[in-house]
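Below is one structure, written out as structure tokens, with a few remarks after it.
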């Protein structure tokens, strides 16, 4: 059901086929040109990261560098100590994704599949936080982490970062598990599988696309998160992340635009790659969650 | 690797727990449910609910965030916010932002999703990737890149515009109150468009192809298919997408902060940048005594306004639906 | 309350006098940290938010560690935007550094009452104090209840200058008979130069340019030009430093210089002299455009210079206090005293920390600071132009006489330090942006509102302070015998 390729019975088959081809070619052309234009700012940043300083000023809106200045990358990598920050960011992202996935899939499962006293209350609490204004200061959370003696560790960042995506993830998993056939679960229980086994062996593996979806959304936010890693590692700058490094890098090189663009590409590349790897799962995952 | 696609049932209603089970077994099941729920609830209470409650407490104090709050001012902070014309201006900008971004973004996203959902369209996932990618980039990075593009090379854009005789003088797009909010809105649409695209795609994938085939056999045209099948089937998902989009746009913050920081002269100030400027005392170069109490009050007042706004919306919608239903009934339109 | 704080903005307030950060204000954000592994000795944790000054600090650390092999300095450069926030959070937890650059907020009085700082009296002997110029330690400034908490770092210097691109001026024919660039002195000179640049370049080069994306630079223009016309208050947005000490009030509306300068700016805009993207680019971007000759003149402080020097761009000149007549009618003022670094109350090894404090704030370190072209030192003997290789920096050093000590209400009545002024919004930056972008049509009434709000804010603050036991009076801010062209020595009340 789209603008193209909806066939209608007609006598002149060849003509139709030609027209269909025409329409299809035009759709592809429009999508390709539109899509590339859509990404123009990113292409421009990528191109600028390879320009020389002078060329950056003279080439204006043209994203294509005349010759490639790979040294921008070398310099950005070294100056911003991206190497060290890269590892921290990776650890925080992986940690946050794991914690979020475990916490939200378990919660989503019981909210979708089991009955227990207090379920309505719990659902109400979860939905209410979506609408309530979030506090405008980090101070309560900071004090809490201090009392837990978690400050200045990657753990503190992972825990607080995970909490920010917990509501959304729970809802997505809940929707997904609700749509899965109950018979599978019943069969497992007949085979003697306990509550735990049913979840970990049967249900979670079935929710692969949703794991990819929630994982990807969480990874995007965790990777780009700036304020939490900054505050929770303030006493140990060696634990800083790429986003914090990038922020400082923007400040230090506010007029060295080619270098700045190189830094941008370095911080963006891994998360874009991850997206490319996971993207085919996640529309499926979302589709599962919204299925009535 | 192939995506796992489990068989699903359209009926979501979970069967109630078997009645005949002994109470002990049921209690054990409850216990497991609570245990599974506990981590989520703990994170939620500790890091989302508790800070909200704590901030509510701060609204009663004049406090710069150092030490503990001591200067009790009662509801004075709320009074101050309500009498601040800049707050109301930023509220108006927030509404304008939402009122433009949400419909434009959703309409564009739905249209593109319809095109990409065609099973016969090759490379659909490639195109999807192209349009989704801006979502992956952080607002800070987008701010830097767009600001460079628009301000540094605004000259080139201006030359083109002037050559086409569309404008007659040089425009400072982000520094001109007539254009700044428009640019912020355009970038806002661009940045989060991808989320709505994939939400709609996901919604479209849940519509069984058989429905369309059956309708086509009945001789329905494209428009009829869209109106009679796509729209009704998407309604449920559509509401969720709409709610998420509205919540997201009302909370717009970092994009505005990095592009214009609310300027020039508050012409792009939205509620969240307004609050940020109260709480953290302006910009790096322009130090202002921070006022966490006032910022918390502004944030709660804004939350309150939003809740009132949504309640009014729901009530109006309900009465409209009821009236329509009543009207249909009196006309004897029952079939 | 009048304590200067450390940002570019503070340059306006403190006028480079005493407020060390004034001269150090150029940086934006920094994150590089050079940590030294401690090899059995004592490690001192040191925090700052310096960017362009980082090479100087790193060099001082190297020299210090060589001289004190037992002590290692672990430097953490925090993100400048969030520096006050991070310091405050650090003191909430157990993360406070041993020694740190004082953040711009909260005010130093509050940092003292929050018990963040260690008094220096144990080390600040008379002989130690004597290395500083007279009147360097002032109650209510860097001394509270008779205890010294910090020491001045930067020396008197004008906070703002008009920068002139020699190449642009030469192309526009703005030269003296001997071929050197004709430096404008009066407001008319400045306008004429802009007109010449515009017409000689066929509109390709602009007379003026600035980067107001952070909503501060327009006030720099106002400050520089009204001072030249004889308004000693200038145009700072916060604190009390922008009031006219002769009357103890803000005079945005009653002193016509403010409206005149705004009219001048609007006229330049109307004539197309001003680089059109000036409202949306940042100060840093404007700096890069000036370097590339996109416009001929810009207003800024000495923080402009290190980057240009690094880019080998030195073909520019500077002047300060352009005035209607060619003779400035007011100067830059600052408080005697000043502060930049302090030792935290949590310092684990106070003696070793003080050794580093003493080193970094010492005469030799100051000399190297000046030689690196960052600003002037509090020690006259460190401000030796002999070591200065950059010609523009030498010009800056030569204009040090345009900054003098101004009247200090806190010296006459220490209770003044207990005032807390509420923020006034819209402030002078907002009014300027509103007028410049045409959103404020009636500039005169906006200025008179602002003047009213600021003065009302001061009386409210006085009332509030008095009700909690302080003794402050509006007359504490009035210095009828203050001559804007001379340094003023405030005498303690007898």
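Here, each number is a calculation from the coordinates, and none is a lab measurement. From a predicted model like this one, the values you see are computed outputs, not experimental measurements. Please note: Cβ atoms are built from the backbone with ideal geometry, for glycine as well, and neighbour counts cover all protein chains shown.
Computed over the alpha-carbon atoms, the range A:172-257 gives an Rg to Rh ratio of 1.30, Rh here being the Kirkwood radius from the mean inverse distance. Peptides C:149-160, C:213-224, ordered by how many other C-beta atoms sit within 10 Å of their residues on average, highest first, read C:149-160, C:213-224. Along its three principal directions, the equivalent ellipsoid of chain A from the Cα gyration tensor extends over semi-axes of 39, 36, 15 Å, largest first. Return the FRET efficiency for the residue pair residue A:269, residue A:61: r is the Cβ-Cβ distance, R0 is 30 Å, and the value is rounded to the nearest 0.05. For residue A:269 and residue A:61, the calculated efficiency is 0.85. By the Kirkwood approach, averaging reciprocal distances over each pair of separate Cα atoms, the protein assembly as shown gets a hydrodynamic radius of 32.1 Å. Relative to one another, the C-alpha centroids of the range B:159-216 and the range C:341-397 are positioned 54 Å apart. The mean number of Cβ atoms from other chains found within 10 Å of a Cβ in peptide B:48-57 is 6, as a whole number.
If I build a Gaussian network model for chain B, linking alpha-carbon pairs within less than 10 angstrom, which residue out of B:65, B:219, B:303 has the largest mean-square fluctuation? Among B:65, B:219, B:303, the largest mean-square fluctuation in the Gaussian network model of chain B belongs to B:219.
Could you calculate the contour length gain from residue C:260 to residue C:188, that is, 0.36 nm times the residue separation minus the distance between their Cα atoms, to one decimal place in nm? Don't jump to the answer; show the numbers that get you there.
Numbers: separation 72, 0.36 × 72 = 25.92 nm, distance 1.27 nm.
Stretched out fully, the residue C:260 to residue C:188 stretch lengthens by 24.6 nm.
Taking only C-alpha pairs under 8 Å that are 6+ residues apart, what is the relative contact order of the range A:195-276 in percent? Provide the component values of the computation, followed by the final result.
Numbers: 32 pairs, mean separation 20.5, N = 82.
Relative contact order for the range A:195-276 comes out at 25 percent.
Residues considered: A:30, A:222, A:112. Largest GNM mean-square fluctuation over chain A, using C-alpha springs under 10 Å, is found at A:30. The value of relative contact order for the range C:186-293, using C-alpha pairs under 8 Å at least six residues apart, is 35 percent.
Summarising the label geometry, the points placed 7 Å from Cα in the beta-carbon direction at residue A:127 and residue B:317 lie 1.2 nm from one another. For a modelled paramagnetic label at residue C:122, 7 Å from Cα along Cα-to-Cβ, the residues of the range C:336-353 in reach, with backbone nitrogen under 18 Å, are C:342-353. Computed on chain B, with alpha-carbon pairs under 8 angstrom and 6+ residues apart, the relative contact order is 26 percent.
Provide C:145, C:364 in ascending order of the number of other Cβ atoms located within 10 Å of each residue's Cβ, fewest first.
On the way: C:145 9, C:364 12.
Starting with the residue having the fewest Cβ neighbours, the order is C:145, C:364.
The C-alpha atoms of chain C define a longest principal axis, and helix C:443-467 lies at about 20 degrees to it.
Fewest first, what order do B:165, C:311 take by the number of other Cβ atoms within 10 Å?
Numbers: B:165 7, C:311 15.
Fewest-to-most Cβ neighbours within 10 Å comes out as B:165, C:311.
Mean residue ellipticity, 222 nm, helices only, chain B: the sum of -39500 (n - 2.57) across DSSP H runs of n ≥ 4, divided by residue count and rounded to 500, is -21000 deg cm²/dmol.
Each label point was placed 7 Å from the Cα along the Cα-to-Cβ direction; for residue C:389 and residue C:442 their separation is 5.8 nm. The range A:179-212 and the range C:104-128 have Cα centres lying 64 Å from one another.
Put in line by how crowded their Cβ is, counting other Cβ atoms within 10 Å and starting with the fewest, C:436, C:339, C:132 read C:132, C:436, C:339. Within 10 Å of the Cβ of each residue in B:129-135, the mean number of Cβ atoms contributed by other protein chains is 6. Mean residue ellipticity, 222 nm, helices only, chain C: the sum of -39500 (n - 2.57) across DSSP H runs of n ≥ 4, divided by residue count and rounded to 500, is -10500 deg cm²/dmol.
Estimated from the Cβ-Cβ distance and a Förster radius of 60 angstrom, the FRET efficiency linking residue A:33 and residue B:38 is about 0.70. So the label point goes 7 Å from the Cα of residue C:115 along Cα→C-beta, right? Which residues of the range C:346-378 then have their backbone N under 12 Å from it? Counting only backbone N, you get C:346. For the residues of A:177-184, the average number of beta carbons from a partner chain within 10 Å of their own beta carbon is 4.
Taking label points 7 Å from Cα along the Cα-to-Cβ direction, residue A:183 and residue B:226 give a separation of 3.8 nm.
Computed per residue of chain A from DSSP H runs no shorter than four, each worth -39500 (n - 2.57), the mean residue ellipticity at 222 nm is -23000 deg cm²/dmol. Per residue, the convex hull spanned by the Cα atoms of the range C:41-85 measures out at 54 cubic angstrom.
One Cα centroid belongs to the range C:255-293, the other to the range B:87-156; the line between them spans 33 Å.
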